[in-house]
Every structure is written in structure tokens, then in C-alpha cells.
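Chemist: Take this structure, written in C-alpha cells, and hold onto it; I'll ask about it next.
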Amino acid sequence: MAAYIVAITGASGAVYGLRLIDALLKRGDDVELIISPSGFLILKEELGIVASASDAGCVCLQYLESAWLGKRTGALSAAPSDCLSASSASGSSVKSGMIVCPCSMGTLARIAGGCSTNLIERAADCFLKERRRLIVVPRETPLNAIHLENMLRLSRAGAVILPAMPAFYTMPKTVGDMVDFVVGKTLDCLGIENGLYKRWGKDTVNRDREP
């Protein structure tokens, strides 16, 4: 299949990133996971996941196996966020897409400003300069003028800005339904067909058709 980078930063909503990883692995795609130091704090606070950079891939995979059943044929690897010698720090490393999910306003600002202080920001910079698909999923409210200007700057540079805004026309019954809507929209932007949410004009959702 394909290979993607998924980065989890210190914004609330770590479950979005993990559910996205789950969907990609079930599709047979390989995923390189990068978690910022603040991202580890959010994983612990919101999901009870305690991990370090050295065991992040294994611990997150264990969480996926307990949270969402189903066979995963893709491979999950993890790279430390401070490892600027990783292959993803170079434009010569070819991946099908990078998704920063969730994306903190600090990370978004540094990507928009071209300031690469860690592997997440450097990999995103590479995706922009190589004109590859970069999707940023910001999770913040309310937004100030600086946040909005940074998003506009990133959009003009070629990134897709996909705020974590669940829809309610789908009549969600659980938090998982709302998470799946955002993840489904993210997969849509990657050009990946999926059945994670009810589409407008359709009567039902078909999660049996997960990626």
C-alpha cells in the first residue's frame, strides 16, 4: 500500500491521531509515528497511555488493539521527535502524506514560519518544499488573529487545514462517532475511500467498509 507520517502534538484530541493510525494500518498502509513531548502528556491525560519515545510504537499499538478490533496489516514504527537524523528529516524520504493530528498552535506556528525545532516540524517543512500532501488538524478554541493568520499562511504554502470539527447532521451517538467523522474527512483529503461516517444524502454509515 502506501506509507504515511502521523504526528501527535500537545493539542487536546490525541484520540483523533490514534484512530487515524488505526484506519491506515487496517488498510495495509505503513505509518511512522512521531509524538512531541507535550503529545506524550496528552496521551497520558486523555487516554491513560504512558509511554516513552523508545516504546511509543509498541504501547500505541497495544492501545489500538484494545480500543478498535480488527486486523491490521500495515506496519507501525515510531521515531523520536528530537531525532533530526531520521530519514523523515530529508526531502529524499518519500511518503504518501503527513498528518499532524492533533496539531497544537505552537507546532502550527513553527511550521508556518519555517522554524524546524524537532522532527515533526522538519518533516512538515520537507513536505511543503517537496509539494507533497501535508494535512494539519488543529484543535484549539477560540482562535486569535495570530492562529488564523498562521493557518492562512500554511494553506497558501500548500497544506490542508482540517480543523477537528465534528458534524452533527450525522446524528452521532457516541464520542467515537464524532472522532470517526474527523478521521473520515482526513482520509478523504488523502484520497482514501472510507465508510467511517455518514455522508450527506446517504441513509447509513458503513463502518464495515473501513479503509
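Computed from the coordinates by the stated procedures, all read-outs in this text should not be read as laboratory data. This is a predicted model, so every value here is computed, not measured. Quick reminder, even Gly has a Cβ in these numbers, built from the backbone with ideal geometry, and neighbours come from all protein chains shown.
Chemist: Quick query: amide H of Ile99 versus all other amide H atoms, modeled in the peptide plane; which residues come in under 5 Å with a sequence gap of 5 or more or a different chain?
Modeler: For Ile99, whose amide H was placed from the backbone, the distant partners under 5 Å are Ile5, Val6, Ala7, Ile135.
Chemist: Calculated from DSSP H runs of 4 or more alone, at -39500 (n - 2.57) each and per residue, what is the 222 nm mean residue ellipticity of the chain, nearest 500? Intermediate results must be reported in sequence, preceding the final value.
Modeler: Details: 7 runs with 84 residues, N = 211.
Per the formula, -12500 deg cm²/dmol.
Chemist: Tell me, what HN-Hα J-couplings in whole Hz come from the Karplus equation 6.51 cos²θ - 1.76 cosθ + 1.60 at θ = phi - 60° for each residue of the stretch 80-89, using x for Gly and Pro?
Modeler: x, 5, 9, 8, 7, 8, 5, 4, 5, 7
Chemist: May I ask you to derive the relative contact order of the stretch 3-209, considering only C-alpha pairs under 8 Å and at least 6 residues apart, and to give it as an integer percent?
Modeler: Computed value for the stretch 3-209: 20 percent relative contact order.
Chemist: Test of understanding: given the chain, find the longest segment containing no chymotrypsin sites (Phe, Trp or Tyr not before Pro) that are in a DSSP loop and have at most 11 other Cβ atoms within 10 Å. Could you put the intermediate results ahead of the total?
Modeler: Numbers: sites that count: Phe168, Tyr169, Trp200.
The reported range is 1-167.
Chemist: Output wanted: per-residue J couplings in Hz (rounded whole) for the stretch 60-77, from phi through Karplus 6.51 cos²θ - 1.76 cosθ + 1.60, θ = phi - 60°, x for Gly and Pro.
Modeler: Per-residue couplings from phi come out as 5, 5, 4, 5, 4, 5, 8, 8, 10, 6, x, 7, 10, 9, x, 9, 10, 10 Hz.
Chemist: Now for a separate question. Provide the percentage of antiparallel DSSP beta bridges, counting only those with both residues in the chain; round to the nearest 5.
Modeler: Details: 0 of 21 bridges.
Looking only at bridges with both residues in the chain, the antiparallel portion is about 0 percent.
Chemist: Provide the net charge surrounding Ala157, with neighbours chosen by a C-beta distance below 11 Å and charges set as Lys +1, Arg +1, Asp -1, Glu -1.
Modeler: Here the charged neighbours net out to +3.
Chemist: Would you compute, for the Cα atoms of the chain, the largest minus smallest coordinate along each principal axis and list the three values in descending order, in whole Å?
Modeler: Principal extents (largest minus smallest coordinate, Cα): 45, 38, 33 Å.
Chemist: Also, quick follow-up: How large is the dipole of the stretch 1-152 about the Cα centre if only Lys and Arg carry +1 and Asp and Glu carry -1, each at its Cβ, rounded to the nearest 20 debye?
Modeler: Numbers: 14 positive and 14 negative charges, 86 e Å.
Dipole size: approximately 420 debye.
Chemist: Hey, another quick one. Short version: ³J(HN,Hα) in whole Hz for each residue of the stretch 24-39, in order, from phi by Karplus 6.51 cos²θ - 1.76 cosθ + 1.60 (θ = phi - 60°), x for Gly and Pro, what are they?
Modeler: Computed from phi, the couplings for the stretch 24-39 are 5, 5, 5, 6, x, 7, 8, 10, 9, 9, 10, 10, 6, x, 5, x Hz.
Chemist: Under a 5 Å amide H to amide H cut-off, with H placed in plane at 1.01 Å, what residues pair with Ala2 once short-range neighbours are removed?
Modeler: Those qualifying (amide H under 5 Å, at least 5 residues apart or on another chain) are Asp29, Asp30.
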